[in-house]
Amino acid sequence: MFKRGVGVALLLTLASTAGAQDKKPPYWASIASGEAMMRTGPGRNYPGTWLYKRRDLPIRVIQVYPNWRKIEDPDGEQGWMLVTLLSDRRTGIVKPGEPRDIHTKPDANAPVRYRAEHGVVGRLAKCNGSWCQIQIGARKGWIAQSEIWGVTDGETFDD
């Protein structure tokens with residue numbers, strides 16, 4: 001029974017990374033692992049440049065090589081990462097500056113539910129081209145799309 005559960009979990013993990021393998025760059029993804037090494041080239045024999053310890057950090061895939069993706073992080077650093085360390089889960093990080101309002105509805109006049117500071121990462125459920133529904137921990141709300149890194153200007157999607 002335990003082996004079957006582990007097998008199912010492994011298949012689900014591979015399925016979530018498989019979606020990220022089939023897209024044509026550039027596209028958005030996120031770091032799936034609690035630890036992920038960025039390298040100077042597409043292979044374990046290339047030196048590591050950064051060790052990321054932040055699951056769900058949004059990244060932009062800019063080039064594809066078998067089992068490897070050249071990525072760009074929110075600070076503009078570029079390098080290669082093994083595809084199994086990435087997820088197609090959409091996330092966003094609050095851009096630098098003052099804390100941003102997270103509203104109850106996708107409207108600047110809607111009540112503010114809470115505020116998020118620069119560097120806070122949240123999961124994105126959908127974006128309508130101007131606003132994104134974001135979940136930070138157990139709290140949900142709407143943030144102006146221009147105030148997060150992890151979506152293209154005017155992009156729409158609904159997971």
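Every condition in (1) surrounded by 13 or more Cβ atoms within 10 Å (Cβ to Cβ); (2) assigned to a loop (DSSP other than H, G, I, E, B) holds for ARG123 except the one numbered (2).
Considering only residues in region 109-120 that are assigned to a strand (DSSP E or B) and not charged (D, E, K, R), the one that is surrounded by the fewest Cβ atoms within 10 Å (Cβ to Cβ) turns out to be VAL112. Considering (1) in contact with a helix residue (DSSP H, G or I) (Cβ under 6 Å, 6 or more places away or on another chain); (2) closer than 19 Å to ALA144 by Cα, the lone condition that LEU86 does not fulfil carries the number (2). Annotation: of all residues in region 50-108 being hydrophobic (A, V, I, L, M, F, W, C) and in a helix (DSSP H, G or I), the one that is surrounded by the most Cβ atoms within 10 Å (Cβ to Cβ) is LEU85. A single entry from SER33, SER87 fulfils the requirement of being within 20 Å of GLY137 (Cα to Cα) and modelled with pLDDT of 95 or more: SER87. Is at least one residue of region 36-43 touching a Gly at 6+ places or on another chain (Cβ under 8 Å), assigned to a loop (DSSP other than H, G, I, E, B) and in the same structural domain as ASP22 (by TED's automatic domain parsing)? Yes, because at least one residue in region 36-43 is touching a Gly at 6+ places or on another chain (Cβ under 8 Å), assigned to a loop (DSSP other than H, G, I, E, B) and in the same structural domain as ASP22 (by TED's automatic domain parsing). Restricting region 105-159 to residues that are in contact with a His (Cβ under 8 Å, 6 or more places away or on another chain) and of a type in the set (Gly, Ala, Ser) leaves a set whose member that is nearest to ILE93 (Cα to Cα) is GLY141.
The values are calculated or read from the model by the stated rules, or taken from the named source; none is laboratory data. Model, not experiment: these values are computed from the prediction. No Cβ is skipped: glycine too gets one built from the backbone with ideal geometry, and neighbour counts run over all protein chains shown.
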